[in-house]
1. May I ask you to list pairs of residues, at least six apart or on different chains, whose Cβ atoms are under 7 Å apart, with the first in the stretch 252-267 being at negative phi and touching a residue at least 60 places away in the same chain (Cβ under 8 Å) and the second being of a type in the set (Val, Ile, Thr) and not in a loop (DSSP other than H, G, I, E, B)?
2. Assess whether Lys199 counts as being surrounded by 10 or more Cβ atoms within 10 Å (Cβ to Cβ), at pLDDT 75 or above and closer than 30 Å to Glu302 by Cα.
3. So for the stretch 181-198 (the condition being of a type outside the set (Asp, Glu) and within 51 Å of the chain's Cα centre (by Cα)), does at least one residue qualify?
4. Among the residues that make up the stretch 140-154, is at least one of them part of a helix (DSSP H, G or I), hydroxyl-bearing (Ser, Thr, Tyr), farther than 30 Å from Gly293 by Cα and at pLDDT 70 or above?
5. Can we say Gly219 is assigned by TED's automatic domain parsing to the domain that holds Val184 and either within 50 Å of the chain's Cα centre (by Cα) or within 20 Å of Thr201 (Cα to Cα) (or both)?
6. Quick one: would you say Pro194 is out of contact with any helix residue (DSSP H, G or I) (no Cβ under 8 Å at 6 or more places or on another chain) and without any contact (Cβ under 8 Å) to a residue 12 or more places away in the chain?
7. Could you say which residue among Gln252, Gln268, Gln239 is under 21 Å from Pro176 (Cβ atoms), surrounded by fewer than 16 Cβ atoms within 10 Å (Cβ to Cβ) and in the same structural domain as Lys221 (by TED's automatic domain parsing)?
Amino acid sequence: MADSSSQDSKKTFYIVLIVALLGLNIFFAYNHYTARQANIKLEAEKKELTTELDSVDAALALTNQQLNSMQGVNAGLDSQLVQIKKDLEEKRAQIETLLKDKKELDRARALLKTLKSDNQKFLVQIDSLNNIIVSKNTEIAQKDAANQQLQTEKSQLLTEKTVLSTKVALSSLLIPENVQSTGVFMKSSDREVPTTKAKKTENLKVCFDVPENRGVDAGEKTILVKILNPQGATIYNEQSGSGMFTTETGEQQQYTKAAVFGYSNQKQNVCVHWNQPQGYGAGGYSVIFYQDGHETGKSSFELK
């Protein structure tokens with residue numbers, strides 16, 4: 001009987017042990033299955049968040065493109081654009097770090113939602129800043145146009161002033177009329193005899209009428225006479241009265257002789273004589289008149 005009871009006890013023990021081991025196997029199998037399913041779920045969530053982040057990256061790229069296109073307008077605006085870009089990039093980097101840790105997927109999801117919201121908010125802000133830029137550019141363009149208009153008007157006024165000054169200056173000039181230029185030689189009776197022969201010419205004589213001009217103040221006047229020889233050079237000798245003068249354009253030129261005379265607002269005849277020891281060559285001569293730097297007339301004659 002004792003042996004039978006002992007065998008029954010052992011049998012019961014083994015049965016209990018087998019059941020316990022089976023229960024443990026089932027427990028561990030369930031835990032493994034549960035952990036595996038949780039891991040599969042986390043991987044799916046991570047993949048979903050990664051895909052969503054890729055989608056957000058496309059929106060961020062568009063935002064960055066707009067930010068870059070708006071930079072350089074002014075320092076204050078640039079600092080705002082840089083801060084916006086910095087905020088977006090920092091959140092993007094945080095999300096990428098969190099996605100590497102499966103325990104941080106909830107934080108990554110929440111931050112990704114914030115990033116999307118911030119990007120939309122910044123797009124609205126960027127649009128507002130862009131409107132400011134357009135407004136400022138329009139204002140600058142209007143100011144530039146106004147300045148250009150002022151410069152144009154100023155230039156026109158200066159031109160009109162110059163023209164008016166020139167007209168006033170020209171109205172005060174005495175324009176030579178009835179110019180008579182010729183060679184002369186002296187007869188024994190000390191009488192001048194006109195000649196067109198170069199060999200006989202002892203002096204050049206240039207006579208002209210000064211017209212009546214009530215717009216000119218009476219007094220001593222000077223008209224410069226410039227005589228060009230047949231070679232086109234100015235006949236010039238300082239000892240005989242030649243000199244230099246400045247034209248209205250600022251150019252320095254030579255004159256042959258100055259006609260200085262008293263003027264009383266009446267028409268009068270004025271003559272200048274030119275003598276040179278080396279004689280005169282045959283050919284065409286030109287006579288040009290100047291007063292106060294302005295050319296007032298021309299004439300020509302010929303010695304044969």
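1. From the stretch 252-267, the pairs are Tyr263/Val210.
2. yes
3. Step one: list which residues in the stretch 181-198 are of a type outside the set (Asp, Glu), which gives 181-189, 191, 193-198.
Subsequent filtering for residues that are within 51 Å of the chain's Cα centre (by Cα) retains none.
There is no residue in the stretch 181-198 that is of a type outside the set (Asp, Glu) and within 51 Å of the chain's Cα centre (by Cα).
4. Taking every residue of the stretch 140-154 in turn, none turns out to be part of a helix (DSSP H, G or I), hydroxyl-bearing (Ser, Thr, Tyr), farther than 30 Å from Gly293 by Cα and at pLDDT 70 or above.
5. For Gly219, the condition - assigned by TED's automatic domain parsing to the domain that holds Val184 and either within 50 Å of the chain's Cα centre (by Cα) or within 20 Å of Thr201 (Cα to Cα) (or both) - is not met.
6. Numbers: out of contact with any helix residue (DSSP H, G or I) (no Cβ under 8 Å at 6 or more places or on another chain): yes; without any contact (Cβ under 8 Å) to a residue 12 or more places away in the chain: no.
No.
7. Going through Gln252, Gln268, Gln239 in turn, the sole match is Gln268.
The values are calculated or read from the model by the stated rules, or taken from the named source; none is laboratory data. Because the structure is predicted, anything quoted here is derived from the model rather than measured. FYI the Cβ positions are ideal-geometry reconstructions off the backbone, even for glycines, and counts take in every protein chain you see.
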